[in-house]
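The values are calculated or read from the model by the stated rules, or taken from the named source; none is laboratory data. Just so we're clear, the structure is a prediction, and the values are computed from it rather than from any experiment. A quick note on method: Cβ atoms are made from the backbone with ideal geometry, for glycine too, and the neighbour counts reach across all protein chains shown. SASA here: full protein model, heavy atoms, side chains in, ligands and nucleic acids out. Shrake-Rupley method; radii C 1.70, N 1.55, O 1.52, S 1.80 Å.
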Amino acid sequence: MKEEYEAYCAAHGRPERIELMLSDINAVLRGKWLPGDALGKLTSGAVRLPYSTYAPAIMGNEVEATGLGIVVGDPDGALVPVKGSLRPVPWMPGTVAQMQVEMLTPEGQASPISPRGILERMVDRFTAHGWHPVVATELEFFLLRPRSKAYDAPKPPVRTPAAQNYDLEVVARQEAILTEILRACDVQGLETDTLIAEYGPGQFEVNFHHTGDVLAAADTALLFRRLVRGVVARHGMEATFMAKPYADAPGNGMHVHASVLDDTGENIFNHQAGPAPSATLKNAVAGVLATMEELQAIFAPHMNSYRRFQPMSFAPSTPDWGLDNRAAGVRLPEVTGPGARLEHRISGADVNPYLVLTAILGGMMHGLETAPDLPLPIDDPASEPAQRLGHDWFDAVERFAASDRAAEMFGTEFRDVYAAVKHDEVQTLTGMITPVEYQYYLSRL
């Protein structure tokens, strides 16, 4: 870390502070500010956080059912730096740096509930087979006018059409914000590809380059959300990656493209014989579809997420597949050549990217190892409609909590902790009586 710190200072100057960032299971960044000259304190293991910081509910409270927190004395874990993650924070005044950290267990071991650690272990499983995943993400977000209260409804920027798909004039109107976002990505080493205006009012999408560094791809998705909110706030606006901020507009998705290379660098999904998918690609798709329902609580982790799974919600919500068909839950953009891959289109942009990539790769691994039956593609006239994924948050959490496949992919301890946190969120958030209920029921019933 000393060499990394010295290289950073040579390029950007000595930071006034270093923001240490730990991803909890909801992908909320938690941590501490460290004086810019105190990196040695971190590398010596002297910077600590309560181990329960990995697993609070989205409301911020600890969940007793996880077996973490004050119920066991809330012991600390030592923070350890993620190598290569020291980056400038260009949207903040002064010279500020950020660094990702992981946390050891109170006993000093690698954490079994670290989302990043779980993804790393899944990648290691592929490596043991001589396989090397290559992934890319696409993230959608909305720009909003500033709100005076947290519970105020969102409003798009002024002069925003209701449907703006690929509208270059809309992009030009937000040039100052979007250009600064792309510049900040460049400064932080987040390799963006294309930027477009998406369908919803004030909605945009940024695509990232394919990479064989799966952990870096997840890091990029996580850091991009922080970057966007920070840059947009400088312009007096808000940004959100919430799954469905508007009832009558498309929601925010996070699509994931995935392929697999062998030890020679060849794409194992490439079907050189013709335009049909290869057997290996079919098996990977079948595995992803077979595990999608059990893992829905990963792809749709929040109450609002399930608004994307209702009819006419403008988002794929069925475990089905098709050839270059954007209505499918899994799309195959290419089936021959080095670009042969699947595109997983179920997740919202509100997800934890480490957990989503673990779930997708875990589904692909299941398919490659067991070759489950694959239904006909939705493009086939003989295909029968698949059962849609549910739109009930509690049911999805229950399926995840009981899933042996989830335990196998994520570890039993993480599965149980995640389910306990989600049960707490379900009970708290669905137990609130909404203004709509008062409006339509209170004086009529």
statement: Within the range 336-353, residues assigned to a strand (DSSP E or B) and either touching a helix residue (DSSP H, G or I) at 6+ places or on another chain (Cβ under 9 Å) or closer than 12 Å to Ala286 by Cα (or both) come out as Arg341, Leu342, His344, Gly348
Which listed residue is open to solvent by 40 Å² or more (accessible area, probe 1.4 Å), over 30 Å from Gly265 (Cβ atoms) and not in a helix (DSSP H, G or I), from Asp193, Asp152: Asp152
- prompt: Restricting attention to the range 101-108, does a residue exist that is in a helix (DSSP H, G or I), under 20 Å from Val356 (Cβ atoms) and charged (D, E, K, R)?
  reply: no
Only one of Asp320, Asp248 that is free of Cβ contacts under 8 Å to residues at least 40 places away in the same chain and either in contact with a strand residue (DSSP E or B) (Cβ under 9 Å, 6 or more places away or on another chain) or open to solvent by 10 Å² or more (accessible area, probe 1.4 Å) (or both): Asp248
message: Considering only the range 212-225, I want to know if a residue exists there that is closer than 23 Å to Asp24 by Cα and over 18 Å from the mean Cα position of the chain (by Cα).
response: no
query: For Gly362, which of the numbered conditions (1) within 18 Å of Ala315 (Cα to Cα); (2) under 16 Å from the mean Cα position of the chain (by Cα) fails to hold?
result: (1)
- prompt: Does Ala55 count as open to solvent by 80 Å² or more (accessible area, probe 1.4 Å) and of a type in the set (A, V, I, L, M, F, W, C)?
  reply: no
- prompt: Only one of (1) closer than 18 Å to Pro277 by Cα; (2) surrounded by 23 or more Cβ atoms within 10 Å (Cβ to Cβ) is not met by Gly348, so which one is it?
  reply: (1)
message: Let me confirm something: among Pro333, Pro311, which residue is assigned to a strand (DSSP E or B), of a type outside the set (D, E, K, R) and at negative phi?
response: Pro333
field: the range 326-345 - residue that is free of Cβ contacts under 8 Å to residues at least 60 places away in the same chain and out of contact with any Asp or Glu (no Cβ under 6 Å at 6 or more places or on another chain) and, of those, nearest to Phe414 (Cα to Cα)
entry: Val330
query: How about the range 155-182: which of its residues are in contact with a Lys or Arg (Cβ under 9 Å, 6 or more places away or on another chain), part of a loop (DSSP other than H, G, I, E, B) and touching a residue at least 24 places away in the same chain (Cβ under 8 Å)?
result: Pro156, Pro157, Thr160
- prompt: Which of the residues spanning the range 283-315 are among the aliphatic types (A, V, I, L, M), closer than 21 Å to Phe410 by Cβ and open to solvent by 10 Å² or more (accessible area, probe 1.4 Å)?
  reply: Leu289, Ala290
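This table checks each residue for (1) among the basic types (Lys, Arg); (2) open to solvent by less than 70 Å² (accessible area, probe 1.4 Å); (3) within 11 Å of Thr105 (Cα to Cα).
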site	(1), (2), (3)
Lys41	yes, no, no
Gly45	no, yes, no
Tyr51	no, yes, yes
Met59	no, no, no
Ala65	no, no, no
Asp76	no, yes, yes
field: Enumeration of residues in the range 118-135 that are open to solvent by less than 50 Å² (accessible area, probe 1.4 Å) and either part of a loop (DSSP other than H, G, I, E, B) or not β-branched (Val, Ile, Thr) (or both)
entry: Leu119, Met122, Phe126, Gly130, Trp131, Pro133
- request: Report whether or not Pro115 is modelled with pLDDT of 95 or more and open to solvent by 10 Å² or more (accessible area, probe 1.4 Å).
  value: no
- prompt: Quick check: is even one residue across the range 80-99 within 28 Å of Ala349 (Cβ to Cβ), of a type in the set (S, T, N, Q) and open to solvent by 10 Å² or more (accessible area, probe 1.4 Å)?
  reply: no
Single residue of the range 231-242 satisfying the filter (surrounded by fewer than 17 Cβ atoms within 10 Å (Cβ to Cβ) and of a type in the set (Gly, Ala, Ser)) that is farthest from the chain's Cα centre (by Cα): Gly236
task: Working only within the range 2-29, note down all residues that are open to solvent by less than 70 Å² (accessible area, probe 1.4 Å) and without any contact (Cβ under 8 Å) to a residue 24 or more places away in the chain.
output: Ala7, Cys9
message: For the range 83-100, which positions are assigned to a loop (DSSP other than H, G, I, E, B), touching a residue at least 40 places away in the same chain (Cβ under 8 Å) and not aromatic (Phe, Trp, Tyr)?
response: Lys83, Gly84, Ser85, Leu86, Val89, Pro90, Met92, Gly94, Thr95
- prompt: Quick one: what pairs do we get from the range 52-73, first residue assigned to a helix (DSSP H, G or I), second of a type in the set (A, V, I, L, M, F, W, C) and surrounded by fewer than 19 Cβ atoms within 10 Å (Cβ to Cβ), C-beta under 7 Å, 6+ apart or different chains?
  reply: Glu64/Val71
- request: Among what's in the range 3-25 and is assigned to a helix (DSSP H, G or I) and in contact with a strand residue (DSSP E or B) (Cβ under 8 Å, 6 or more places away or on another chain), pick the residue that is nearest to Ala57 (Cα to Cα).
  value: Tyr8
field: Residue list for the range 196-229, restricted to those being in a loop (DSSP other than H, G, I, E, B) and open to solvent by less than 40 Å² (accessible area, probe 1.4 Å)
entry: Glu198, Gly200, Pro201, Gly202
